[in-house]
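Just so it is clear, none of the values below were taken in a lab; they were calculated from the coordinates. Since the structure is predicted, the reported quantities are computational estimates derived from the model, not experimental observations. Here the Cβ positions follow ideal geometry from the backbone for every residue, glycine too, while neighbour counts run over all protein chains shown.
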Amino acid sequence: LHGAMVTEHLDDGEGELLARVGSAVGPRVPVVASLDLHANVTRAMVERSDGLVAYCTYPHVDMAATGKRAARLLDATLNSGRAPAKSFQVIDFLTGLPSQCTLIEPAKSLYLLLERLEREHRCTLSFTPGFPMADFPECGMAVTGYGEDEARVKAATAALAHAIADAEGEFSMELFEPDAAVARAMRRGEPGAPVVLADTQDNPGAGGNGDTTGLLNALLSRRAPGAVLGLLIDPASAARAHAIGSGRKTVFALGEISGVPGHVPLEGEFRIEQLGDGRFTCTGPMFHGFRMDLGKMAVLEKDGVRVVLASKKCQAADQEMFRHVGIEPRQQRIVALKSSVHFRADFEPIAREVLVVTAPGPAKADPTQFAWSRLRPGLRLKPLGPPFAPAGGGPSS
């Protein structure tokens, strides 16, 4: 399961699904599920299952390992003949997706602590930072624990939850406006050590559509040499590039298809540099072995800035997305990616530094910018930030 499903008629999709699975198999069959790290774990999910085991990495590179952990918990449950002891604690603040990355602090140390507590207390722990874009009362961080000894499970869960609460302020992350990010990247990036810009608020993996042009406009305004942005999802422009042919110049109106308020397509004359059919195999840690089919792809160039177009929505998290159309990411000065964190698995090793950029887009990096109405009262909307208060001061529904 993913763990953050909200449907048109249910806040807690997985809680309902687990209830139906339990009803189908009966009370004597244990139910254990793996979860995404971004799960919004609810009390119903915990009550309606015998075990929930989440990823420990973001970028998510431990899917198979998580499956093994879940299978071990299920095996132990079957061998013991009884359900494991459970413990569940929620954490009362939200944090944006970029600061949930387990390659950086504080998440890096918190997951190391999780592993140590599992060994010391002989239990299975999960820390789910949550998907901070779901407007319902149980949105947010949680810690779950399972094991044979109830006291040990509760002690481990409490210790991890306490450490997360203590690290609240460390989840605050520096975010850059597009122009400031481009200016810094132009000073510091060079071939062999590019600066990577994360266009996080247009991340197709978090509600973005990959078609905003705020960061591209900043790159073009400064004529940033050796800069490339991808993937801009614009099937009409990609098809037009294929129809016109490589090497030709023409005027394009790029992106802004999904209609971010106040933004219109970016118009300009671009040279069609390279074309691709969008079919290739990924080689990076997260998408390794994935056979992609992104439809017609094209590289457009203007004033030394290049943009990689694709026809099907996909988060830019693998270097092969650029190599497919003749661009070697390591040899650029600036690499701008429509991704929040998953790109780090393949791009951080080649980067001089990574800057998280807040170009306009629907996938807000700062949860305080969402128009919340149904969160639980008192939940802080960002690390050390303001608590949520329902309109009128009444209880959330």
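Please compute the net charge surrounding L110, taking Lys and Arg as +1 and Asp and Glu as -1 over other residues with Cβ under 12 Å from its Cβ.
Combined, the nearby Lys, Arg, Asp and Glu give -3.
Gaussian network model of the chain, Cα springs within a sub-10 Å range: biggest mean-square fluctuation belongs to which of T57, T283, T212?
T283
Based on DSSP, what percent of beta bridges with both residues in the chain are antiparallel, to the nearest 5?
55 percent
Going toward the positive end of the dipole of segment 132-265, with +1 on Lys and Arg Cβ and -1 on Asp and Glu Cβ, which of T157, T144, P235 do you reach last?
In segment 132-265, that residue is P235.
Can you give the convex hull volume of the alpha carbon atoms of segment 173-212 per residue, in Å³?
Measuring per residue, one finds 102 Å³ for the Cα hull of segment 173-212.
Testing the spin-label approximation: label points 7 Å from Cα along Cα→Cβ at R43 and R352. State their distance in nm.
The answer from the label model is 5.2 nm.
Given points 7 Å out from each Cα along the Cα-Cβ axis, report the M63 to S172 separation in nanometres with one decimal.
Roughly 3.6 nm, to one decimal.
Set Lys and Arg Cβ to +1 and Asp and Glu Cβ to -1, take the dipole of the chain about its Cα centre, and tell me which of G378, G96, L355 lies farthest positive.
The one lying farthest along the dipole's positive direction is L355.
Calculate the FRET efficiency for H288 and S373 from the Cβ-Cβ distance with a Förster distance of 41 Å, rounded to the nearest 0.05.
Approximately 0.50, to the nearest 0.05.
Note down the magnitude of the dipole of segment 13-171 about its Cα centre, charges +1 on Lys and Arg C-beta and -1 on Asp and Glu C-beta and zero elsewhere, to the nearest 20 debye. If you can, show how the numbers build up before the last one.
Numbers: 15 positive and 20 negative charges, 129 e Å.
Around 620 debye, computed over segment 13-171.
Ignoring everything except DSSP H segments at least 4 long, calculate the 222 nm mean residue ellipticity for the chain; use -39,500 (n - 2.57) per segment, divide by total residues, nearest 500.
My calculation for the chain gives -8000 deg cm²/dmol from helical runs alone.
How big is the charge dipole of the chain about its Cα centre, in debye rounded to the nearest 20, if each Lys and Arg gets +1 on its Cβ and each Asp and Glu gets -1 on its Cβ? Kindly include the intermediate steps, with their values, before the conclusion.
Values: 42 positive and 46 negative charges, 125 e Å.
In total the dipole reaches around 600 debye.
Only four residue types carry charge here, +1 at the Cβ of Lys and Arg and -1 at the Cβ of Asp and Glu. Report the dipole size of segment 178-357 about the Cα centre in Debye, rounded to the nearest 20.
Value, rounded to 20: 300 debye.
State the extension gain, in nm to one decimal, for the chain segment bounded by A85 and S246, taking 0.36 nm per residue of separation less the distance between their alpha-carbons.
Numbers: separation 161, 0.36 × 161 = 57.96 nm, distance 6.29 nm.
Contour length minus the Cα-Cα distance gives 51.7 nm.
Where Lys and Arg each count +1 and Asp and Glu each count -1, what net charge lies around T66 among other residues with Cβ under 12 Å from its Cβ? Intermediate results must be reported in sequence, preceding the final value.
Values: positive: K68, R69, R72; negative: D36, D62.
Neighbour charge sum, excluding T66 itself: +1.
Which shape class, rounded, prolate or oblate, goes with segment 178-357 when its Cα gyration tensor gives a ≥ b ≥ c as root eigenvalues, a/c under 1.5 marks rounded, and past that a/b bigger than b/c marks prolate?
Because its axes are fairly even, with a/c under 1.5, segment 178-357 counts as rounded.
Out of residues 5 or more away from A4 or on other chains, whose amide H comes under 5 Å of its own, with H placed 1.01 Å from N in the peptide plane?
For A4, whose amide H was placed from the backbone, the distant partners under 5 Å are N40.
Tell me the Rg and the Dmax, in Å, that the Cα atoms of the chain produce.
22.5, 70
Putting +1 on Lys and Arg Cβ atoms and -1 on Asp and Glu Cβ atoms, find which of S340, P194, T368 reaches farthest to the positive end of the dipole of the chain.
Of the listed residues, the answer is P194.
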